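Asker: Have a look at the structure that comes next, please.
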Amino acid sequence: MSDMETLEELSKEYRSSIPSDLRETRSFDWYLEELYDDPSIARNAHQRVADMFDYYGTQYDEEAGVVEYELASEDPLGDGENTFYGRVIHEAIHEFINKVKSGARGLGPEKRIKLLLGPVGSGKSDFDRQVRRYYEDYTTRQDGRMYTFRWTGLCDVLVDQDPADDVVRSPMNQDPIVLLPDEQRESVLEDINERHDAPYTIRNEQALDPASEFYMDRLLEEYDDDLQSVLENHIEVVRLVADENKRQAIETFEPKDKKNQDETELTGDVNYSKIAVYGESDPRAFDYSGAFCNANRGIFSGEELLKLQREFLYDFLHATQEQTIKPKNNPRIDIDQVIV
């Protein structure tokens, strides 16, 4: 009986495994101050994934002339259960990570799909799964933290707002910095990059998703273009942790039928339960549940993508080269993710 763990001990163990601020809500002003103290919280997906590989440790193999990344060579989270052996495979992993790091610097690979090619049993799926698992863990750490926002008190101002939508989380889990207009955002980013010691520049040129853009426009109209009042009264900043099971900042895509493919699997679809409330063309009546939407701020993992119908691949073309998607009844939406 002495070896049994009590419920209290199990509860304490669970609480210690999650970020202490996971349930906390912060103001936009807090986020802005935190951004100046730690600019890394505003990294894009390629930058965060690139830093993740270094976070878990590296070893330089002088004979092979490659860097071995311990998340693959040692698997510290799994006590070595899922390790990769052999010079050839570590050279391939080294090349893959170099592509991600080049994307973090904005040198071009961020606008390309990262293809894992090889024969059956060569470890492609295992490595892909390993990267997703470590990204989940990294975003729970202080070094990997990221934040998103939610709109609150909407029914107090918008008379046509559904009471069920008084609090609305950012549908694309966007970084709070996108709430700033372009000119003000550029000024903030310029300031924080002078303080940030990293081989890349923090950048974010994304526009708000259509639903958030709608709320921002309506609230600015109500507050006579007083941005401070809008952000202070209607924005809460919350911690964002990648979670594949919740389809949050990590998404896997597996084509079911090569002859019957629906783009809404990737880009989302109309929320039919909201059409009667808002109307079909209202951005509040859209369901941002597509794979690209769920993967925003993280990793999109697709299988057998090259076997998809040619017409279906146009979504991937725009998602990589332009880093946008075009859902039904919506303008182009900016996305930020590593597509594997």
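Values in this text are rule-based calculations from the coordinates and carry no lab data. Because the structure is a prediction, the values reported are computed rather than measured. Neighbour counts run over all protein chains shown; Cβ positions are idealised from the backbone, glycine included.
Asker: Can you give me the P(r) profile for the stretch 22-339? Cα pairs, bins 20 angstrom wide beginning at 0, each as a whole percent.
Answerer: Once binned at 20 Å, the Cα pair distances of the stretch 22-339 give 30, 57, 13, 0.
Asker: Provide the gained length on full extension for the span E213 to K12, in nm with one decimal, where the gain is 0.36 nm per separating residue minus the Cα-Cα distance.
Answerer: 68.3 nm
Asker: Most exposed first by the Cβ proxy, i.e. fewest other Cβ within 10 Å, how do K101, K307 rank?
Answerer: Going from sparsest to densest Cβ surroundings: K307, K101.
Asker: Here's a follow-up. Mark the label point 7 Å from the Cα of H196 along Cα→Cβ and return the residues of the stretch 27-47 whose backbone N is within less than 13 Å of it.
Answerer: It comes to 35-47, nothing else.
Asker: When we measure straight from the Cα of K328, which aspartates and glutamates land under 15 angstrom away, once same-chain ones fewer than 8 places off are left out?
Answerer: Excluding near neighbours in sequence, the set is D209, D262, E263, E265, D269, E280, D282, D287, D315.
Asker: Apply the a/c threshold of 1.5 to the C-alpha gyration tensor of the stretch 288-340 and tell me whether it is rounded, prolate or oblate.
Answerer: Verdict is oblate for the stretch 288-340.
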